[in-house]
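What follows is one structure encoded as structure tokens, with my remarks underneath.
The values are calculated or read from the model by the stated rules, or taken from the named source; none is laboratory data. The structure displayed is predicted, hence computed values, not measured ones. Cβ placement follows ideal geometry from the backbone for every residue including glycine, while neighbour counts extend to all protein chains displayed. All accessible areas refer to the heavy atoms of the entire protein, side chains included, with ligands and DNA or RNA removed. Shrake-Rupley method; radii C 1.70, N 1.55, O 1.52, S 1.80 Å.
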Amino acid sequence: MEILTASLQRLKNEEAGQNTATGPGERLNGSEDSTEYNGTATPSSVNGFSRKSSAATWVSLNVGGQIFQTTRSTLTREDGFLSKLIREDGGLASDRDERGAYLIDRDPQYFAPILNYLRHGKLVVNPGISLEGVLHEADFYNLPGLSHLVLEKIKVHKTEEAQQRKTVYRVLQCHGEELTSFVSALSDGWRLDQLVPVASTIYTTDGQKEYLCVVSQECPHSFFNDERENMDRAKLLQQRARNN
């Protein structure tokens, strides 16, 4: 009995020594993937990504009051303003908001094309966004590659617009005293291209010299289609009137 009692006491002492060796805040079971604090297991990695490295990878930017989130690798893809802004060696001085996001005093609607370019090297612009505005921001953020893409896109748009528009010319006749009021009354895109005086031997009955005014206007293709339809309708009405 004395031997059994001594063995049981020794086992109790060994268990008590192990419990004291493992206190609050110490790792249990030798696991490298979890740490137990006060009985609660907190994983140090999720889906294979370290919590510490994930926090160091993502960056928040407060652009004109709007929050953008991206990775450091995206912002450092080109050596521009944003790359220098997030450098840990203090490349550019910048304030941060209460959430730690870098404060950038620029228009947020033009920042999405900046991030998209840094992500995959392409120009992606949503409808309604001015290409000239994107070009201005690309120059500010010191991204010459993006500036080149925007300039090429602007040239393409101008070429397409020029191909979709034609110039309409009209010749009007007016008296010399009417020239000032005639020119000032031009509107709706009409402009005076040429002023041709009528030969000096030709005068009106009131002695006023006359002029031929050549005016022009740029119109889309739809304008010519409408004009053609109007002419066709006029010809149809004339033909019906003759038949009657």
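Charge tally for GLY64 (other residues, Cβ to Cβ under 13 Å; Lys, Arg +1; Asp, Glu -1): -3. Computed on protein heavy atoms with a 1.4 Å probe, the accessible areas place VAL59, VAL198 in the order VAL198, VAL59, largest first. Scoring 177-189, 97-109 by mean Cβ neighbours within 10 Å over their residues and listing the highest first yields 97-109, 177-189.
Heavy-atom accessible area for HIS136, with the other protein chains in place and a 1.4 Å probe, reaches approximately 110 Å². Could you work out how far the C-alpha centroid of segment 72-117 sits from that of segment 129-185, in angstrom? With segment 72-117 and segment 129-185 each reduced to a Cα centre, they are spaced 33 Å. Only protein heavy atoms count here; under a 1.4 Å probe, LYS84 has an accessible surface of about 70 Å².
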